[in-house]
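The values are calculated or read from the model by the stated rules, or taken from the named source; none is laboratory data. Computed from a predicted structure; not experimentally measured. All Cβ positions, even for glycine, are placed from backbone atoms using ideal geometry, and neighbour counts span all protein chains on display. Side chains are part of the model used for accessible areas, which takes the heavy atoms of the whole protein and leaves out ligands, DNA and RNA. Shrake-Rupley method; radii C 1.70, N 1.55, O 1.52, S 1.80 Å.
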Amino acid sequence: MLGHDAVAQALVDHGVDTMFAVLGDGNLFIGENLVREHGVNLVGATHEANAVCMAEGWAKATGRLGVASVTHGPGLTNAMTALVEGTKNRTPMLVVAGDTPIENEQHLQNLDQHALVTASGAGFQAIRNVESIAEDVSTAVRRAFAEHRPIVINVPLNVEWDEVQYHRRPPLTPPAMRLAPDADQLEAAMGIVASAVRPVVVAGRGAVKSGAKESLIQLADALGAPLATSLLGTGYFRGEPFDLGIHGTLSHEVAGETLASADCLVVFGASLNYFTTDHQTLLTGKRVVQIDLTPSNIDRNVAVDAGVVGDATVVAQSMLDLLRAAEHEPSAFRTASLEKKLNELDLASTFEDKSTDVSVDPRTLTRHIDAGL
């Protein structure tokens with residue numbers, strides 16, 4: 001087969017069934033082959049940044065590898081802002097980018113795509129030659145999951161038209177990172193958690209990715225702790241009687257009052273950035289225990305009292321087992337009064353709709369969109 005067909009085949013071999021793209025001569029035949037030969041859902045975008053943003057949103061929503069494609073030169077430069085966002089959000093994804101023919105240095109769209117991608121913080125994976133296509137695409141997929149960032153697969157146009165006897169690489173099934181906590185770290189954290197009088201359990205994106213919901217609910221029950229989330233965990237505990245909603249600058253009034261009186265935060269998979277902590281003012285008078293799968297995330301944005309490296313589900317279950325073994329009694333922080341306030345909370349009435357005959361209040365608009373979705 002030709003090189004562009006081999007790139008398409010390699011993507012399909014790794015489970016790609018959806019791609020977001022703006023097509024140009026650098027990626028046109030890859031996209032065409034994906035649709036014609038493999039039935040891939042190719043979603044066309046009006047701008048390269050849109051394609052990459054859609055792929056990132058798709059990856060977050062599905063938990064799978066997001067894939068976007070752009071052509072060379074301006075096609076890739078247009079995608080830079082979205083690529084930076086994907087890198088900052090640590091989203092595993094691929095961006096299949098065409099490149100100008102290696103032998104034509106005077107090509108009008110020629111630029112140093114390696115330097116450009118490196119500056120964005122994303123990873124760069126070159127297709128070295130037509131014989132290495134299957135291996136290079138497989139390596140890019142593995143890197144996306146291992147490095148938790150977008151990887152740009154750079155495909156020179158001349159390679160796309162070379163012939164190759166294609167040899168399939170085995171697909172990657174990324175193993176679940178169920179990292180158990182260190183015993184000393186867990187002991188230090190439990191000394192704080194078990195002695196808290198008014199604890200709150202906070203879940204972020206790391207907890208959502210771990211699937212830790214039920215374990216966190218059980219832990220909060222055992223602690224007598226209300227539940228809250230960072231922005232990227234929004235709605236995770238919806239329906240639970242002591243769900244405070246978002247912890248941070250977007251907290252509602254009842255949550256704000258409750259969080260202000262808390263004395264301990266047990267935080268799973270949230271970065272504790274300045275939005276979540278309201279420039280650290282929400283941490284005043286509280287001891288903070290932070291649990292994260294990535295060691296560098298702990299203590300990164302705020303100084304915490306104890307950090308535990310581990311998977312949110314595993315750590316929450318380990319904490320729960322220790323509490324049960326010690327016959328720990330839940331705190332009295334979950335009061336009937338708090339439950340009543342949360343049940344009676346009507347967020348729709350907390351702002352004045354300032355829509356007019358010619359404009360719509362963005363808060364009103366987003367509520368309608370949210371209801372529709």
For residue 133, what accessible area in Å² do you get when you roll a 1.4 Å probe over the heavy atoms of the protein chains, rounding to the nearest 10? 0 Å²
Does the range 1-112 classify as rounded, prolate or oblate by the C-alpha gyration tensor (a ≥ b ≥ c root eigenvalues; a/c under 1.5 gives rounded; else a/b over b/c gives prolate, otherwise oblate)? oblate
Heavy-atom SASA rank of 370, 292 (probe 1.4 Å, accessible area, largest first): 370, 292
Result for the chain: accessible area per residue, probe 1.4 angstrom, in square angstrom, of 48 Å²
By accessible area with a 1.4 Å probe, ligands and nucleic acids excluded, highest first: order of 80, 93: 80, 93
Please list, ordered by chain and number, the residues whose modelled amide H lies under 5 Å from the amide H of residue 203; skip anything fewer than 5 residues away on the same chain. 228, 229, 230, 268
With the 8 Å Cα cutoff and a minimum separation of six or more residues, the range 245-329 has a relative contact order in percent of 24 percent
Can you give the accessible area of residue 327 in Å² (nearest 10), computed on protein heavy atoms with a 1.4 Å probe? 150 Å²
Cα centroids of the range 64-135 and the range 339-368: how far apart, whole angstrom? 42 Å
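Taking a ≥ b ≥ c as the square roots of the eigenvalues of the Cα gyration tensor of the range 172-314, is the shape rounded (a/c under 1.5), prolate (a/b larger than b/c) or oblate?
rounded
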What do you reckon, how do 279, 148 stack up by accessible area (1.4 Å probe), largest on top? 279, 148
Could you compute how much accessible surface residue 195 exposes when probed at 1.4 Å, giving the result in Å² to the nearest 10? 70 Å²
For the range 79-84, in order, what is each residue's ³J(HN,Hα) by Karplus, 6.51 cos²θ - 1.76 cosθ + 1.60 with θ = phi - 60°, in whole Hz (x at glycine and Pro)? 8, 4, 4, 5, 5, 4
Fraction in percent of alpha-carbon pairs per bin - 10 Å, the range 174-239: 19, 46, 33, 3, 0
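Roughly speaking, to the nearest percent, how much of the range 262-315's 1.4 Å accessible area is carbon and sulfur?
C and S atoms contribute 49 percent here.
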Where the only charges are on Cβ atoms (+1 Lys, Arg; -1 Asp, Glu), what is the dipole of the chain about its Cα centre, to the nearest 20 debye? 660 debye
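Where a ≥ b ≥ c are the square roots of the eigenvalues of the C-alpha gyration tensor, would you call the range 302-373 rounded, which needs a/c under 1.5, or, failing that, prolate if a/b is larger than b/c, or oblate? Could the numbers behind the result be given before it?
Numbers: a/c = 3.36, a/b = 2.13, b/c = 1.58.
Prolate shape, in that a/c is at least 1.5 and a/b is the bigger ratio.
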